[in-house]
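A short worksheet on the structure shown next.
The values are calculated or read from the model by the stated rules, or taken from the named source; none is laboratory data. Not measured: the values here are computed from a predicted model. Using ideal geometry, Cβ is built from the backbone for each residue, glycine included, and neighbour counts are taken over all protein chains shown. The accessibility values were calculated without ligands, DNA or RNA, using every heavy atom of the protein model including side chains. Shrake-Rupley method; radii C 1.70, N 1.55, O 1.52, S 1.80 Å.
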Amino acid sequence: MKISFKGGVHPPENKHLCKGLKIKELPAPETAYFALQQSIGSPSEPVVKKGDSVKRGTCIARATGFISSNVHSSISGEVIDIKKHPHPLLGCARAVIVKSDGQDTPCGSFQESDFSAALFDKNKILKAVSDSGIVGLGGAAFPTHVKLNPPAEKPINTVIINGAECEPYLTSDHSLMLSSAEKIVKGAILITKAVNAKECVIAVEKNKPDAIDLIKKACEKYNNLKVIAFNVKYPQGAEKQLIFSVTAKEVPSGTLPMDVGVLVQNVGTANAVYEAVVMKKPLYERVVTLSGRGILNPCNWKVRIGTPFRNVINAVGLSGETVEKLIMGGPMMGLAQYTDEVPVIKGTSGILVLTKKEALPFKHLPCIRCGKCVEVCPMGLIPADLSKFVSGEKTDEAKEIGLLDCMECGSCNYICPSGTNLLQYIKLGKYELMRKKNA
Amino acid sequence: MLRDKHLTVTVSPHIKTDLTTEKMMWTVITVLLPVAAAGVYFFGIHAGLVILVSIISAVLAESLCLKIMRRGTAVTDGSAFLTGLLLSLCLPPEIPLWMAALGSFFAIAVGKQAFGGLGYNIFNPALAGRAFLMLSFAKEMTTWKTLTRFPDSITAATPLNLLKEQGTDALMTVYGSMPHLYKKLFLGNVGGSIGETSAVLLLIGGCFLIARGIITWHIPVSYLATVAVISVFTGGISNVLFQLLAGGLMLGAFFMATDLVTTPITKSGQIIFGIGCGLITMLIRVRGGYPEGVCYSILLLNAVTPLIERFTKTRIFGTQKQ
Ligand code: SF4
Ligand code: SF4
């Protein structure tokens, strides 16, 4: 099945900025900052203390509670402190700081070995995934072992491996598919096995024909695996839109993909699952797109988790154009940063340095009721009214017309000719609702 | 090193289309320039002055209001310019200049700024201005100029006037044959308002705006289709083309009824809006006291737009339609 979801926009892709898609390896940093909060849920708890020596791959913090994940050191050296440090999502949060000994000694061999899905059963896969601290690498960073273990009354029929990468600028998933198609496909098979699904679909946008070919080739040896190429449209990679495009099923408002028997995992996550299960390698590095017109030579880097953004940027240097914004993630949903001291976390798909020309603050005129935001909203909302209600402090009315259904894709805000900060009001409204609920 | 003082921090998204409100307004204006030029070509220099005076008056009124009311918007957004231009295009070519100026001033000051300015007005300002002039100066607003520059232009009355007052036979006597009449309507050398004569220029302009995503097809198509269907029932197949091409319908359907601010925000609402306009236009043309009903039909539908919006909510993804 392949159908188009409603709405969506076509922002300039700017993926060509990354010349060539070969992944370069960034040297391990001298000091790494491991945020204890790497994923959605509760922060992990350190299991090391100041003065301890760690190796590459050593678990330094353990998951607390159900929705939480382990954290591993990405370098070898000594724990010099555990304290607050700038955090790309939270502003400032507790982190384990490790100073490198320059040896980069690993705590295991992390070798590939013969692969046969039959070697691994559900429990083995789940344990490896959970031990290795794997979270969704698409950006949302939800702990993967939780997603792989849905309640028994909600069986998974279809696994979708998300290689859409619909965010402009980002090419990290694309380059990973080129370099590691085999691993991704094997990871997809492990994920499918873990949830006992009938079929697995790998979904890629058509602007990556080379990746589609490679993945297709890698799939040939296996049954129940299918590759679907989608037309380019943002947000094709959004979970609910992707599920609709593949299965024609709408995830009912207020429920989760598993309620329609679907599990979505990003291609990077599939790769990490393979590395964790087969190579016994914890998640301590990932591919990060470094791009934007503020960067001299945009390209994809394999970066150790915990590396400060500054190190990544300095690896190539700035282009010299006036910098306006530093962003973690893509330009549509990414988070603006206030300093380049923040470290790479597991959910860092990209680091963008945008110039004044690319990301000028919007000039704000009154809403002219043009309906463009309505036309593009993939969730069928009326963003103009949402923002009107929230700005008039009527969050309850906003909730009635679907405030909580907004997935914050930013399409409405992108298209609005009057420059209304629709998403800002929508996020504010959600925050207000939360506050009211907790009060 | 990148630090706070260099970095702007906002919520996402960080990029934006370059199709801004200003750009949309100026594009519509550009598309209307040939239409205005055709008006001057057919009706002479006075028509040009009417257009100019109307625009200047609108822009002055806007600047004045913005200053007095300390609004944050700028007159350069093009909306006032557009209102002045649109109003002039639906005025008779012989209208005294001061009337055009007054109508234009009313359109901006009362039709737009009194409601709260750009984005807040209920009625299409240009049409509000025209309705005001119609009520105040009925005679001047219905006096049509003879196209003296064209030897075969025999009458001053607009085709719709003729049809209303003297019937189809009179129309035939004046224009000879139906195809002859269509040709004139299409190209524009017929009596009428400055900008409503040449259907072909309006059509091209309208299609261009649709292609550029500045307006959508929903209102013009549903409007024109409704008019076409009703004219079959009221005058047979031969009536259809005449009703579509005559009067202010093309100008109204593509440039007035598509005014973003005063029409429904949802697609289904826009279709209802278009159908409503078509129904009322034909009701006035066939049964009403005026020969033309485009202006009042759009104003009427403007008034019920909030009501239409209430009943045309979108369906939220993952929910059933209520
Ligand atoms: S896109 Fe912007 S101007 Fe248009 S209706 Fe939505 S909020 Fe208003
Ligand atoms: S309202 Fe929410 S879901 Fe809809 S376009 Fe805007 S950000 Fe996306």
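When region A:40-63 is filtered for residues that are outside any loop (DSSP other than H, G, I, E, B) and of a type in the set (Lys, Arg), the ones remaining, listed by number, are A:ARG56, A:ARG62.
Among the residues of region A:359-377, those that are surrounded by 21 or more Cβ atoms within 10 Å (Cβ to Cβ), within 7 Å of chain B (Cβ to nearest Cβ) and under 28 Å from the mean Cα position of the chain (by Cα) comprise A:ALA359, A:VAL374. Of the residues making up region A:391-412, those that are more than 9 Å from ligand 1 (Cβ to nearest atom) and closer than 22 Å to A:PHE5 by Cα are A:ILE401, A:GLY402, A:LEU403, A:LEU404, A:ASP405, A:CYS406, A:MET407, A:GLU408, A:CYS409, A:GLY410, A:SER411.
On inspection, A:TYR338 fails the criterion of being more than 7 Å from chain B (Cβ to nearest Cβ), within 28 Å of A:GLY41 (Cα to Cα), hydroxyl-bearing (Ser, Thr, Tyr) and open to solvent by 40 Å² or more (accessible area, probe 1.4 Å). When residues in region A:230-267 are screened for being crowded, with 20+ Cβ neighbours inside 10 Å, of a type in the set (A, V, I, L, M) and more than 16 Å from ligand 2 (Cβ to nearest atom), 6 of them pass. So is B:ASP18 of a type in the set (Asp, Glu), within 21 Å of A:PRO366 (Cα to Cα) and either within 16 Å of ligand 2 (Cβ to nearest atom) or at pLDDT below 95 (or both) or not? So B:ASP18 passes the test. Selection over region A:424-439 of residues that are open to solvent by 80 Å² or more (accessible area, probe 1.4 Å) and away from ligand 1 (no atom under 16 Å from the Cβ) gives a count of 7. Filtered by the rule that a residue be more than 9 Å from ligand 2 (Cβ to nearest atom) and free of Cβ contacts under 8 Å to residues at least 40 places away in the same chain, region A:404-426 gives A:GLN424, A:TYR425. Do we find a residue being open to solvent by 30 Å² or more (accessible area, probe 1.4 Å), over 22 Å from B:ASN121 (Cα atoms) and not in a loop (DSSP other than H, G, I, E, B) anywhere in region B:287-310? Among the residues of region B:287-310, at least one is open to solvent by 30 Å² or more (accessible area, probe 1.4 Å), over 22 Å from B:ASN121 (Cα atoms) and not in a loop (DSSP other than H, G, I, E, B), which makes the answer yes. Return a yes/no flag: does region A:269-285 have any residue that is in contact with a strand residue (DSSP E or B) (Cβ under 8 Å, 6 or more places away or on another chain), assigned to a helix (DSSP H, G or I) and open to solvent by 20 Å² or more (accessible area, probe 1.4 Å). No, region A:269-285 contains no residue that is in contact with a strand residue (DSSP E or B) (Cβ under 8 Å, 6 or more places away or on another chain), assigned to a helix (DSSP H, G or I) and open to solvent by 20 Å² or more (accessible area, probe 1.4 Å).
Across region A:378-393, which residue is nearest to the other protein chains (Cβ to nearest Cβ) among those that are within 26 Å of the chain's Cα centre (by Cα) and not hydrophobic (A, V, I, L, M, F, W, C)? Break it down into steps so the answer makes sense when it comes.
Residues of region A:378-393 within 26 Å of the chain's Cα centre (by Cα): A:378-381, A:383.
If we keep only those that are not hydrophobic (A, V, I, L, M, F, W, C) as well, we get A:378, A:380, A:383.
On the way: A:PRO378: 7, A:GLY380: 5, A:PRO383: 10 Å.
Result: A:GLY380.
Only a single item in (1) without any contact (Cβ under 8 Å) to a residue 60 or more places away in the chain; (2) crowded, with 23+ Cβ neighbours inside 10 Å; (3) of a type in the set (Lys, Arg) is not met by A:LYS83, and it is number (2).
A quick yes/no check of all residues on (1) part of a loop (DSSP other than H, G, I, E, B); (2) within 26 Å of A:PHE309 (Cα to Cα):
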residue	(1), (2)
A:ILE97	no, yes
A:GLY102	yes, yes
A:GLY108	yes, no
A:GLN111	yes, no
A:ASN123	no, no
A:LYS127	no, no
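So for region B:74-82 (the condition being charged (D, E, K, R) and open to solvent by less than 40 Å² (accessible area, probe 1.4 Å)), does at least one residue qualify? Walk me through it before giving the result.
If we filter region B:74-82 for residues that are charged (D, E, K, R), which is where we start, we get B:77.
Within this subset, residues satisfying the condition of being open to solvent by less than 40 Å² (accessible area, probe 1.4 Å) are B:77.
Yes: region B:74-82 contains one or more residues that are charged (D, E, K, R) and open to solvent by less than 40 Å² (accessible area, probe 1.4 Å).
Residues in region B:237-266 that are open to solvent by 10 Å² or more (accessible area, probe 1.4 Å) and in a loop (DSSP other than H, G, I, E, B): B:GLY247, B:THR258, B:ASP259, B:LEU260, B:VAL261. Checked against the criterion of being within 16 Å of ligand 1 (Cβ to nearest atom) and either of a type in the set (A, V, I, L, M, F, W, C) or within 14 Å of another protein chain (Cβ to nearest Cβ) (or both), region B:291-298 contains not a single residue that satisfies it.
With respect to the conditions (1) part of a loop (DSSP other than H, G, I, E, B); (2) open to solvent by 80 Å² or more (accessible area, probe 1.4 Å), A:HIS16 lacks only one, and its number is (1).
Of the listed requirements (1) more than 12 Å from the chain's Cα centre (by Cα); (2) in contact (Cβ under 8 Å) with a residue 12 or more places away in the chain, A:ASN162 misses just one: (1).
Residues are listed down the side, and each one gets a yes or a no for (1) hydroxyl-bearing (Ser, Thr, Tyr); (2) surrounded by 14 or more Cβ atoms within 10 Å (Cβ to Cβ):
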| position | (1), (2) |
| --- | --- |
| A:GLY102 | no, no |
| A:THR105 | yes, yes |
| A:ASP114 | no, no |
| A:LEU119 | no, no |
| A:ASN123 | no, no |
| A:SER130 | yes, yes |
| A:VAL135 | no, yes |
| A:PRO143 | no, yes |
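Checking A:LYS388 against (1) more than 28 Å from A:GLU250 (Cα to Cα); (2) within 11 Å of ligand 1 (Cβ to nearest atom); (3) open to solvent by 30 Å² or more (accessible area, probe 1.4 Å): exactly one of these is not met. Which one? In the conditions (1) more than 28 Å from A:GLU250 (Cα to Cα); (2) within 11 Å of ligand 1 (Cβ to nearest atom); (3) open to solvent by 30 Å² or more (accessible area, probe 1.4 Å), A:LYS388 misses (1) alone. For the criterion of being at pLDDT below 90, buried (at least 23 other Cβ atoms within 10 Å of the Cβ) and more than 13 Å from chain A (Cβ to nearest Cβ), B:GLY39 passes.
Where helices (runs of 4 or more DSSP H) fall wholly inside region A:289-400, the ranges with 2 or more residues that are within 16 Å of ligand 2 (Cβ to nearest atom) are A:372-376, A:383-391, A:395-400. Of the numbered conditions (1) within 14 Å of another protein chain (Cβ to nearest Cβ); (2) touching a Leu at 6+ places or on another chain (Cβ under 6 Å), B:GLY274 fails exactly one; give the number of that condition. Of the numbered conditions (1) within 14 Å of another protein chain (Cβ to nearest Cβ); (2) touching a Leu at 6+ places or on another chain (Cβ under 6 Å), the odd one out for B:GLY274 is (2).
Restricting to region B:122-134, and then to whatever is in a loop (DSSP other than H, G, I, E, B) and open to solvent by 10 Å² or more (accessible area, probe 1.4 Å), can you tell me which residue is nearest to B:MET256 (Cα to Cα)? Steps first, answer last, please.
As a first pass, look at region B:122-134 and keep what is in a loop (DSSP other than H, G, I, E, B): B:122-124.
Cutting the leftovers down to open to solvent by 10 Å² or more (accessible area, probe 1.4 Å) gives us B:122-123.
Numbers: B:ILE122: 13, B:PHE123: 10 Å.
Ranking the candidates gives B:PHE123 first.
Of all the listed residues (A:THR322, A:THR255), the sole one being out of contact with any Leu (no Cβ under 6 Å at 6 or more places or on another chain), within 14 Å of chain B (Cβ to nearest Cβ) and free of Cβ contacts under 8 Å to residues at least 24 places away in the same chain is A:THR255. Scanning region A:399-439 for residues that are more than 13 Å from chain B (Cβ to nearest Cβ) and among the small types (Gly, Ala, Ser) gives a single hit, A:ALA439.
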